[in-house]
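The values are calculated or read from the model by the stated rules, or taken from the named source; none is laboratory data. Source: prediction; values computed, not measured. Please note: Cβ atoms are built from the backbone with ideal geometry, for glycine as well, and neighbour counts cover all protein chains shown.
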Amino acid sequence: MENKPHAFWAGMFTIGLLVVIGLAVIFFSADRAVRVPYDLISRSSVTGLSPDAAVRYRGLDVGKVQTINFDPKRPGTIRIRILVDKRAPMTRSTYGTLALQGVTGIAFVQLDDNGIDLSPLHSSEAHVAELPLRPGLLDQLQRRGDALLRKLDRIAGDIDDMLSEDNRKQVMAAVNSLQQAASSVNGLAQQLEPTTKQLPGAVSELQRTLHSTNTLITSMNRPDGPFQTNLNKAGTAAAQAGQALTSIDASIQDLSARVGYDTLPRVDSLTDDVRSAMRSVDRAAGTFSKSPRSVLFGGAPQPAPGPGEPGFVWPAASGSNAGTK
């Protein structure tokens, strides 16, 4: 009899513990957030979306999908009822898209806002607000699939034309030309190899030459260097030469003055004497020509008197007087 009450209380304790655990799980797992209904209106496919799928606002969980139904008033339109936390910033520019969770193929609703109209969008059970469901990436790819296929077809045709027989021959010719150019470059490199081997020695020589040039320039720039000393000597010699030229110039000026004031007057006097002597010689030669005997007997004949001299008679007057007599 004592074991039966013990087992009874043990069973009651276990049942009570299980009830408490269940209540705790229900309490902590219960969703006590206040959610507001919104309808997403879609005219594209909603593949992978199912009720109770997550609703996220820019990556944050704000609700879940409640139902997915066709809109009886607008054929071809799908109405997705979502429940969103009332604290989510739902505005008139909010829209939804479908996104996939990894590679599972399960879709969820992604809410976003383009910021055009930031006025709040109110919704309730009596008046459910509507949001547009824009096509996702997969829908856009499906819509553009035909255009992409046509472009791929054209690209394939262009590639086929590019790889035609003539183009292949041209490509092979270009490859052969490149190979010949590479061979020429290789031969040139082999020819330049001896010169290349001499480059280190030439660089060393150039370095030594530059070092010697630097040393020379340094010695030339030294105030007590040979270059400055020679320049000073050359300057001194130039100054002495200038002084010598100055003295020579003074001597030339003195000589010119002496020639001008002493020698030239004497030359003029000598010239006058020579002229007088020449006139005398000329007169003596004239006398000898007219009367050679005057050299032996002397008494050179006197010339006839000229006009104005005593005894001068005009020739014409004398002739006329003679006729008269």
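Quick one: in the range 79-97, which of the residues that are in contact (Cβ under 8 Å) with a residue 40 or more places away in the chain and either assigned to a strand (DSSP E or B) or small (Gly, Ala, Ser) (or both) is surrounded by the fewest Cβ atoms within 10 Å (Cβ to Cβ)? This residue is ARG81.
Return yes or no: is LEU111 modelled with pLDDT of 90 or more, in the same structural domain as ASP52 (by TED's automatic domain parsing), touching a strand residue (DSSP E or B) at 6+ places or on another chain (Cβ under 8 Å) and among the aliphatic types (A, V, I, L, M)? Considered against the rule, which asks whether it is modelled with pLDDT of 90 or more, in the same structural domain as ASP52 (by TED's automatic domain parsing), touching a strand residue (DSSP E or B) at 6+ places or on another chain (Cβ under 8 Å) and among the aliphatic types (A, V, I, L, M), LEU111 comes out as yes.
The lone criterion from (1) exposed (fewer than 12 other Cβ atoms within 10 Å of the Cβ); (2) farther than 14 Å from ARG35 by Cβ; (3) without any contact (Cβ under 8 Å) to a residue 24 or more places away in the chain left unmet by ASP52 is number (2).
Against the definition (basic (Lys, Arg), farther than 18 Å from ARG134 by Cβ and surrounded by fewer than 14 Cβ atoms within 10 Å (Cβ to Cβ)), how does LYS64 come out, yes or no? Taking the combined requirement at face value, the residue does not satisfy it.
Answer yes if at least one residue in the range 114-133 is outside any strand (DSSP E or B), in the same structural domain as ARG58 (by TED's automatic domain parsing), hydroxyl-bearing (Ser, Thr, Tyr) and closer than 18 Å to ASP61 by Cβ, and no otherwise. Within the range 114-133, not a single residue is outside any strand (DSSP E or B), in the same structural domain as ARG58 (by TED's automatic domain parsing), hydroxyl-bearing (Ser, Thr, Tyr) and closer than 18 Å to ASP61 by Cβ. Specify which of the listed residues (ARG79, ARG74, ARG43) is closer than 13 Å to LEU98 by Cα and in the same structural domain as GLY102 (by TED's automatic domain parsing). Checking each option against the conditions leaves just ARG43. Against the list (1) at pLDDT below 80; (2) within 30 Å of ALA88 (Cβ to Cβ), the condition PRO120 fails is (1).
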